[in-house]
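Okay, structure first, notes after.
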Amino acid sequence: MCSHYQTLKDAELLLRRFGAQKPAAIGKYDMWPRYQGVFVRRPPEYDVGDEAVPPREAAVGRWGLISPSTRPDDLAGAEKLSTFNARDDRVANAFTFRNAWRRAQHCVIPADAIFEPDWRSGKAVATRFTRADGAPMGIAGLWDRYRDQSGQWQDSYTMLTINADEDPLFRDYHQAGKEKRMVVILPEGAYSDWLAAPAEQSRDFLRPFPSDMLVATPMN
């Protein structure tokens, strides 16, 4: 799973690489669970037929999805859950994620880098993963809305993960004896298709990114 990533320092990359204008607030660069971060989606009102609505927008929300079925008086408990990643084999039935999955509320999460622990030395060594060509990553995710304590709607999002036990790169990370997982990094040409895909096609996009197109750099 990914519990730390870096978003874009250059907000103009949102427009050039992800086709979305910079939002009013872009959040933190170093992202940890429960922080406010940027994600790209089709605007919720896109399908109403208004030509003024762009095909993509950059939104800011909580990294760690909260179900819209969560009652305001249950928020304290929901906010403690580790919902920043959603497993592909559980997402369709999990209370937190099933609404976003059923409604195909797809998003792309821009990232300069993601971090995973390397345990091969016997201790966790934080490792920074980037694209070999220097381009930003577009991570496949889901977004949803929940009501806060005041009754206002708030956005939240999660990253989708798949098994990485046989992946040439990610199989070496996380603790020995535990299942290896990796986030779904989308090819750039798949962004539009992912954002527009219906629910029944969602799994078609949950594939590993080519390991030779990534670079892993130990941080200590």
*Mind listing whichever residues of the stretch 64-107 are assigned to a loop (DSSP other than H, G, I, E, B), open to solvent by 30 Å² or more (accessible area, probe 1.4 Å) and under 24 Å from Ser150 (Cβ atoms)?*
Pro68, Ser69, Arg71, Glu79, Lys80, Leu81, Phe95
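Out of the stretch 163-205, which residues are aliphatic (A, V, I, L, M), surrounded by 19 or more Cβ atoms within 10 Å (Cβ to Cβ) and under 30 Å from Met219 (Cβ atoms)?
Going residue by residue through the stretch 163-205, those that are aliphatic (A, V, I, L, M) are 164, 169, 176, 182-186, 190, 195-197, 199.
Subsequent filtering for residues that are surrounded by 19 or more Cβ atoms within 10 Å (Cβ to Cβ) retains 164, 169, 182-186, 195.
Within the stretch 163-205, Ala164, Leu169, Met182, Val183, Val184, Ile185, Leu186 meet the criteria.
Can you tell me which of Asn85, Asn93 is farther than 19 Å from Arg34 by Cα and not β-branched (Val, Ile, Thr)? Before the answer, list the steps.
Working: Asn85 fails: farther than 19 Å from Arg34 by Cα.
Result: Asn93 is the single residue among Asn85, Asn93 that is farther than 19 Å from Arg34 by Cα and not β-branched (Val, Ile, Thr).
Return yes when Met159 is surrounded by 19 or more Cβ atoms within 10 Å (Cβ to Cβ), out of contact with any helix residue (DSSP H, G or I) (no Cβ under 9 Å at 6 or more places or on another chain) and closer than 18 Å to Arg131 by Cα and no when it is not.
On the way: surrounded by 19 or more Cβ atoms within 10 Å (Cβ to Cβ): yes; out of contact with any helix residue (DSSP H, G or I) (no Cβ under 9 Å at 6 or more places or on another chain): yes; closer than 18 Å to Arg131 by Cα: yes.
So Met159 fits the description; yes.
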*May I ask you to list pairs of residues, at least six apart or on different chains, whose Cβ atoms are under 8 Å apart, with the first in the stretch 179-197 being over 15 Å from Ala164 (Cα atoms) and the second being of a type in the set (Val, Ile, Thr) and open to solvent by less than 10 Å² (accessible area, probe 1.4 Å)?*
Leu186/Val108; Leu186/Ile139; Tyr191/Val40; Tyr191/Val108; Trp194/Val108; Leu195/Val40; Leu195/Val108
_Criterion: at negative phi and either surrounded by fewer than 14 Cβ atoms within 10 Å (Cβ to Cβ) or in contact (Cβ under 8 Å) with a residue 60 or more places away in the chain (or both) - qualifying residue of Gly138, Gly134, Gly151, Gly122_ = Gly138
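The values are calculated or read from the model by the stated rules, or taken from the named source; none is laboratory data. Being a predicted model, the structure only gives us computed values, none of them experimental. Quick reminder, even Gly has a Cβ in these numbers, built from the backbone with ideal geometry, and neighbours come from all protein chains shown. Side chains are part of the model used for accessible areas, which takes the heavy atoms of the whole protein and leaves out ligands, DNA and RNA. Shrake-Rupley method; radii C 1.70, N 1.55, O 1.52, S 1.80 Å.
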